[in-house]
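Peer 1: One structure is given below, represented as structure tokens, and several questions about it will come after.
The values are calculated or read from the model by the stated rules, or taken from the named source; none is laboratory data. As the structure is a prediction and not an experimental result, all values here were calculated from the model. Note that each Cβ is placed from the backbone with ideal geometry, even for glycine, and that neighbours are counted across all protein chains shown.
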Amino acid sequence: MNAPLDVPPLRHLHVEQAFRLSDADMADLCEATDAAIIEGGGFGWLEPQGRALLERHFRGVLLVPERELFIARLDGQVVGSALLVRPPRNNEAQAFAATLTHAYIAPYARGHGLARLLVQRVEERAAALGHRVLNLDVRETQATAIALFASLGYEHWGTHPYYARAGGQTVAGHYYCKLLEPGRGRATGDLVERQG
């Protein structure tokens, strides 16, 4: 008779756009955010902010029309988020492009494919809104995020040598973009003339 295998249980992964957050989801989101900040994740803050400040931040994000908050869940618990930032209405010249920012998964929830799923859901939403380009930037110290974006087809187009200060050091930042294909209509490549 064969011995039973120790197979880890299947995890439930889910990403959704958040329009409001319950108290429990807000607590989980604040905890995940502080954990990512402590680990050096690319949220912009260098020190954990605590629940009160983070709660004000996320409640404010939900009020801004040009910002869409996406949350990632692992087995029902919020463990990360990302923002889709659309250009303001008065910026018609760049209305074709949006920005992915503040994308992270808490360290205790990594390794399940949630970061990839989170970025893909943001891409899908941006394309559904008619955006043809998704831009992002990331500190050079975030090797895992850089590898993820490269694997998803993001094109590195520039580096800012004095992008941020972290840990007493000046670090470079890398800029990326990706052409998005709409659900219908002309292909993005037909509309975007590449400079050679």
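Peer 1: If you check every pair at least six apart or on different chains, which have Cβ atoms under 7 Å apart with a residue in the range 152-163 that is within 17 Å of THR141 (Cα to Cα) first and a residue that is in a strand (DSSP E or B) and among the basic types (Lys, Arg) second?
Peer 2: Pairs found: TYR163/ARG139.
Peer 1: Please find, among ASP75, ASP25, ASP6, the residue that is farther than 25 Å from VAL138 by Cα, crowded, with 17+ Cβ neighbours inside 10 Å and of a type in the set (Asp, Glu).
Peer 2: On the way: ASP75 fails: crowded, with 17+ Cβ neighbours inside 10 Å; ASP6 fails: crowded, with 17+ Cβ neighbours inside 10 Å.
None of the other options fit; the residue is ASP25.
Peer 1: Considering (1) assigned to a loop (DSSP other than H, G, I, E, B); (2) over 19 Å from VAL119 (Cα atoms), say which one ARG59 fails and leave the rest.
Peer 2: Result: ARG59 fails condition (1) only.
Peer 1: OK, next. Among the numbered criteria (1) part of a strand (DSSP E or B); (2) at pLDDT below 95, which single criterion is violated by PRO182?
Peer 2: Among (1) part of a strand (DSSP E or B); (2) at pLDDT below 95, the lone unmet condition for PRO182 is (1).
Peer 1: Right, here's the next one. Considering only the range 113-136, state which residues are β-branched (Val, Ile, Thr) and in contact (Cβ under 8 Å) with a residue 40 or more places away in the chain.
Peer 2: Initially, the range 113-136 is screened for residues β-branched (Val, Ile, Thr), giving 119, 122, 133.
Across the range 113-136, the qualifying residues are VAL122, VAL133.
Yes/no per residue for (1) touching a residue at least 60 places away in the same chain (Cβ under 8 Å); (2) hydrophobic (A, V, I, L, M, F, W, C); (3) closer than 28 Å to HIS131 by Cβ:
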site: PHE19; (1), (2), (3): no, yes, yes
site: ASP23; (1), (2), (3): no, no, no
site: ALA52; (1), (2), (3): no, yes, no
site: LEU62; (1), (2), (3): no, yes, yes
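Peer 1: Residue check: is ALA93 touching a strand residue (DSSP E or B) at 6+ places or on another chain (Cβ under 6 Å) and of a type in the set (Gly, Ala, Ser)?
Peer 2: In short, no.
Peer 1: Only one of (1) within 24 Å of ALA27 (Cβ to Cβ); (2) surrounded by fewer than 22 Cβ atoms within 10 Å (Cβ to Cβ); (3) touching a Ser or Thr at 6+ places or on another chain (Cβ under 9 Å) is not met by PRO87, so which one is it?
Peer 2: Failed condition: (1).
Residue-wise test of (1) at positive phi; (2) part of a strand (DSSP E or B).
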| residue | (1), (2) |
| --- | --- |
| LEU46 | no, no |
| ILE71 | no, yes |
| LEU83 | no, yes |
| PRO88 | no, no |
| ALA93 | no, no |
| GLY111 | yes, no |
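Peer 1: Can ILE146 be described as at pLDDT 95 or above and in contact with a helix residue (DSSP H, G or I) (Cβ under 6 Å, 6 or more places away or on another chain)? Don't jump to the end; show me each part of the working.
Peer 2: Working: at pLDDT 95 or above: yes; in contact with a helix residue (DSSP H, G or I) (Cβ under 6 Å, 6 or more places away or on another chain): no.
For ILE146, the condition - at pLDDT 95 or above and in contact with a helix residue (DSSP H, G or I) (Cβ under 6 Å, 6 or more places away or on another chain) - is not met.
Peer 1: Of all residues in the range 142-172, how many are surrounded by fewer than 18 Cβ atoms within 10 Å (Cβ to Cβ) and part of a loop (DSSP other than H, G, I, E, B)?
Peer 2: Total meeting the criteria: 4.
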